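Q: Sharing a structure with you now.
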Amino acid sequence: MNILLDISYDGTHFCGFQVQKNGVSVCETIQNALEAVLGTRPDVKGCGRTDAGVHALHYALNFWAETSIPTEKLPLALNRHLPDAVRVNAARRVPEEFHARYSAHTKTYVYRIWNSPVESPFEAAYHHRISAPLDVLAMDRAAKGFVGRHDFLSLCAAGSAVAAKGDTVRTVTDCRAQRAGHLITVTVTADGYLYNMVRILAGTLVQAGRGALDPVAVPAILAGRDRSLAGPTLPAKGLFLQQVDYPPEALGL
């Protein structure tokens, strides 16, 4: 059967989701737990790559397995074999053709900025602190310039294989900046992302919040197709994959 897992993880000490030679990945950790529970090591299909240090509130992956364990009991069984930094929230059987990445309709990321001269002693690993005051209204105005179908090459890190192929057009359906006390969240929903795209987008919005960038300049930044026109790449620790959305028919509903 084809099984979909919804997982959460603290990416602080992982090299990302994808299996790599230079560190422990989330994928490898999940596969270790699957092997302990199922007796086999299934190939795992993730909904996308996340970089080292990036977190996930709801990450989707699927795998094929033959098991007598009821699907609804898999989370409890797997969590017994997982470190505290990774949790399986839910499991469900999905249609044969379901693929966690290719069946996804949109993915939503959140970037968290702690806007205060004083660091939080509780959440320093889960946001990027900026001490200088930020104008969140200017950030939100700039954010609206990213909504729509655009070429996002200006928001792609150098060396991206996807960018080298010229596949840099994506559709952003929502982009906003909001403040709650010292915490500013940048939320982006799109049908796909380029390498470091959200971290660069957030860095660009910070420039608008500082007054170093006119919010109306965003269309020109995109049209320029030049990485140097956009803002800095903010640290990975502030980035969370918030959710992955699938059409009901993809889930067999």
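Q: Has region 69-87 got any residue that is part of a strand (DSSP E or B), open to solvent by 10 Å² or more (accessible area, probe 1.4 Å) and among the β-branched types (Val, Ile, Thr)?
A: Looking for residues that are part of a strand (DSSP E or B), open to solvent by 10 Å² or more (accessible area, probe 1.4 Å) and among the β-branched types (Val, Ile, Thr), one finds none in region 69-87, hence no.
Q: If I filter region 203-216 for residues that are under 27 Å from Gln18 (Cα atoms), among the β-branched types (Val, Ile, Thr) and open to solvent by 10 Å² or more (accessible area, probe 1.4 Å), do I get at least one hit?
A: no
Q: Same structure, new question: State the number of residues belonging to region 147-177 that are within 20 Å of Leu205 (Cβ to Cβ), among the small types (Gly, Ala, Ser) and over 18 Å from the mean Cα position of the chain (by Cα).
A: Residues of region 147-177 that are within 20 Å of Leu205 (Cβ to Cβ), as a first pass: 147-157, 168, 170-177.
This time we only want the ones that are among the small types (Gly, Ala, Ser), so: 148, 154, 157, 177.
Remaining after also requiring over 18 Å from the mean Cα position of the chain (by Cα): 148, 154.
Counting residues in region 147-177 that are within 20 Å of Leu205 (Cβ to Cβ), among the small types (Gly, Ala, Ser) and over 18 Å from the mean Cα position of the chain (by Cα) gives 2.
Q: Can you tell me which of (1) part of a strand (DSSP E or B); (2) within 28 Å of Lys21 (Cα to Cα) is the one Ala91 doesn't meet?
A: The failed condition is (2).
Q: Any chance you could count how many residues in region 224-253 are within 23 Å of His13 (Cβ to Cβ) and in a loop (DSSP other than H, G, I, E, B)?
A: The total comes to 3.
Q: Checking Thr189 against (1) under 24 Å from Asp226 (Cβ atoms); (2) touching a residue at least 24 places away in the same chain (Cβ under 8 Å); (3) polar (S, T, N, Q), which single condition isn't satisfied?
A: (1)
Q: Considering each of Arg49, Arg41 in turn, give the residue that is open to solvent by 30 Å² or more (accessible area, probe 1.4 Å), among the basic types (Lys, Arg), in a loop (DSSP other than H, G, I, E, B) and modelled with pLDDT under 95.
A: After ruling out the rest, the residue left standing is Arg49.
Q: Can you list residue pairs whose Cβ atoms sit under 6 Å apart, with the first residue in region 127-139 being closer than 12 Å to Leu234 by Cβ and the second being of a type in the set (A, V, I, L, M) and assigned to a loop (DSSP other than H, G, I, E, B)? Count only pairs 6 or more apart in sequence or on different chains.
A: Cβ pairs passing all conditions: His128/Leu234.
Q: Residue pairs, Cβ under 8 Å, 6 or more apart or interchain, first in region 102-122 and within 22 Å of Thr187 (Cα to Cα), second crowded, with 20+ Cβ neighbours inside 10 Å and aromatic (Phe, Trp, Tyr). List them.
A: Close Cβ pairs satisfying both conditions: Lys107/Tyr193; Tyr109/Tyr193; Tyr109/Phe240; Val110/Phe240; Tyr111/Phe240; Arg112/Phe240; Ser120/Trp114.
Q: Quickly run through region 94-110 and pick out the residues that are part of a strand (DSSP E or B) and over 30 Å from Val147 (Cα atoms).
A: The answer is Val94, and nothing else.
Q: Whether any residue in region 152-165 is assigned to a strand (DSSP E or B) and open to solvent by less than 50 Å² (accessible area, probe 1.4 Å) is what I want to check.
A: no
Q: Just give me the residues in region 239-253 being in contact (Cβ under 8 Å) with a residue 12 or more places away in the chain and on the phi < 0 side of the Ramachandran plot, in sequence order.
A: Here is the first cut: in region 239-253, the residues in contact (Cβ under 8 Å) with a residue 12 or more places away in the chain are 239-247, 250-252.
Hits for region 239-253 are Leu239, Phe240, Leu241, Gln242, Gln243, Val244, Asp245, Tyr246, Pro247, Ala250, Leu251.
Q: Pairs only if they're at least six apart or on different chains, beta carbon under 9 angstrom, first in region 21-50 and closer than 21 Å to Arg101 by Cβ and among the hydroxyl-bearing types (Ser, Thr, Tyr), second part of a helix (DSSP H, G or I) and open to solvent by less than 20 Å² (accessible area, probe 1.4 Å); list them, first residue then second.
A: The qualifying pairs are Thr50/Gly11; Thr50/Val26; Thr50/Ala236.
Q: Within the bounds of region 173-182, is there any residue that is more than 17 Å from Leu239 (Cα to Cα), of a type in the set (D, E, K, R), outside any helix (DSSP H, G or I) and open to solvent by 30 Å² or more (accessible area, probe 1.4 Å)?
A: no
The values are calculated or read from the model by the stated rules, or taken from the named source; none is laboratory data. Here the structure is a predicted model, which is why all the values come from computation and not from measurement. As a convention, Cβ positions derive from the backbone with ideal geometry for all residues, glycine included, and neighbour counts pool all protein chains shown. Each accessible area value is taken on the protein alone, full model and side chains, heavy atoms only, with ligands, DNA and RNA left out. Shrake-Rupley method; radii C 1.70, N 1.55, O 1.52, S 1.80 Å.
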